[in-house]
Amino acid sequence: MCMSDNENTRELLPVKVVFTSENDLVSPPTQPPRLKFFDEVTQELRRHFSSQVDRLLDAFKPVFDNYPNMPAVARIILREDAIAKSYRPNKLFSSSTCPIIGCETFGTLLVSISRTGLYNLKEQLSKETKTATAAISTLAAIEPYKYELSQSFDPSKGSFKLRLFNHGNLRSANEIESRLFELSQRINIPAPQKLDYTEDLNIYEVICADSSQVDELCNFAGTQSFANFTEFNIETQSIPIGDVDIDSFPAPGHEDYPVVGLIDSGVSDNSYLQPWIVDRDEEDVPVIDQNRKHGTFIAGLIVNGRSFNHDDPAFPSTRAKIIDVVAIPKSKIKDYALLQTIRRVVPKYPEVKIWNLSINCTDTICQDSYFS
């Protein structure tokens, strides 16, 4: 084997190989977290929190009496200076008392409660060990959980999104679902329909005709939230500046163009755009309910974005063909309906590596304690 002149003159840099030793493969010893006491935990303070647990027992007495296997939920409000995760009172709220199942805003934990768990929690509150005392010192309040409707809630929609608590075990999930169906029969509404957002979210569509039914569902011990479905719409934010001709919008050539999946309101039958459309899917939106203005605008940018932006080099010169998925009707679309369309079309077109979804966010006010 011979070497070229370039290889002879190239500087060869040294390579340093570092071998591992046995010590590198051993986990360093972990130190137990240092206990921090945020306040003096007096007997009076212990009795104060114990009385709050008693109020939980009273508040959920009908639930525990009628449905012994159904858990409820309480809010644990922490002191402002004790909200760091390292100070979380896990030893106080454990599987033997009231385990933590989630959180709301900073410093507010949600715990799963039962009658037995609350009795065990009262016992823990009376213990004077350093671990228990440190955990008690992080507390500001213990109170029942009740969902409050958002100020933007619209009761006229008729169809609503009900989310049940996930207590982390199948037995509780089945019990809560069973009681929800029992409640729906009692208040005379159709059986709730479970929606498959994800495996971990227990979300249902419920139909309510009046405010009393809404109140009953909000007061249900298994309810985490009750809200309108998020709805999306589209608006074309463009200013016409002239006509398009064949010179500014040439037809595709013989090259191998990338394909973009466009999930929008649909692309018009424009003679310049149609040669770029590989396929159209309009299964979810009938033609009579289509307004293709926005989808056509986005399609033009995908096909000819650089030319339509004054040949600005910030835009790629590559043009692309389009899979036209008509998903957005003239009216607003519910988040779940849009999700179902996405789940259906992405496997349908496995050759598509890039999908475009350009929608306006809902006019619903975002809530601080939830992802919008």
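The values are calculated or read from the model by the stated rules, or taken from the named source; none is laboratory data. Just so it is clear, the model here is predicted, and its values are computed rather than measured. As a convention, Cβ positions derive from the backbone with ideal geometry for all residues, glycine included, and neighbour counts pool all protein chains shown. Only protein heavy atoms, including side chains, enter the accessible area calculation; ligands, DNA and RNA are left aside. Shrake-Rupley method; radii C 1.70, N 1.55, O 1.52, S 1.80 Å.
Would it be correct to say that residue 216 is charged (D, E, K, R) and at pLDDT 95 or above?
yes
Of everything listed in (1) charged (D, E, K, R); (2) closer than 30 Å to residue 85 by Cβ; (3) in contact with a helix residue (DSSP H, G or I) (Cβ under 9 Å, 6 or more places away or on another chain), the single unmet condition for residue 205 is (2).
The criterion of at least 1 residues that are touching a helix residue (DSSP H, G or I) at 6+ places or on another chain (Cβ under 9 Å) and under 18 Å from residue 233 (Cβ atoms) is met, among strands (runs of 3 or more DSSP E) falling completely within segment 244-357, by 259-264, 321-326, 354-357. Could you check, for segment 47-65, whether at least one of its residues is of a type in the set (Val, Ile, Thr), more than 30 Å from the chain's Cα centre (by Cα), part of a helix (DSSP H, G or I) and more than 26 Å from residue 222 (Cβ to Cβ)? No; the residues of segment 47-65 include none that is of a type in the set (Val, Ile, Thr), more than 30 Å from the chain's Cα centre (by Cα), part of a helix (DSSP H, G or I) and more than 26 Å from residue 222 (Cβ to Cβ). Tell me whether segment 198-220 contains one or more residues that are under 24 Å from the mean Cα position of the chain (by Cα), at negative phi and without any contact (Cβ under 8 Å) to a residue 24 or more places away in the chain. The answer is yes, given that some residue of segment 198-220 is under 24 Å from the mean Cα position of the chain (by Cα), at negative phi and without any contact (Cβ under 8 Å) to a residue 24 or more places away in the chain.
For segment 276-296, enumerate the residues that are open to solvent by 60 Å² or more (accessible area, probe 1.4 Å) and more than 18 Å from residue 357 (Cβ to Cβ). Hits for segment 276-296 are 286, 287, 288.
Quick grid of which residues meet (1) surrounded by 13 or more Cβ atoms within 10 Å (Cβ to Cβ); (2) more than 28 Å from the chain's Cα centre (by Cα):
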site: 222; (1), (2): yes, no
site: 226; (1), (2): yes, no
site: 230; (1), (2): yes, no
site: 234; (1), (2): yes, no
site: 240; (1), (2): no, yes
site: 298; (1), (2): yes, no
site: 302; (1), (2): yes, yes
site: 312; (1), (2): no, yes
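Within segment 162-175, residues that are at negative phi sit with their Cβ atoms under 7 Å from residues that are open to solvent by 70 Å² or more (accessible area, probe 1.4 Å), at 6+ positions apart or across chains, in these pairs: 166/200; 175/69.
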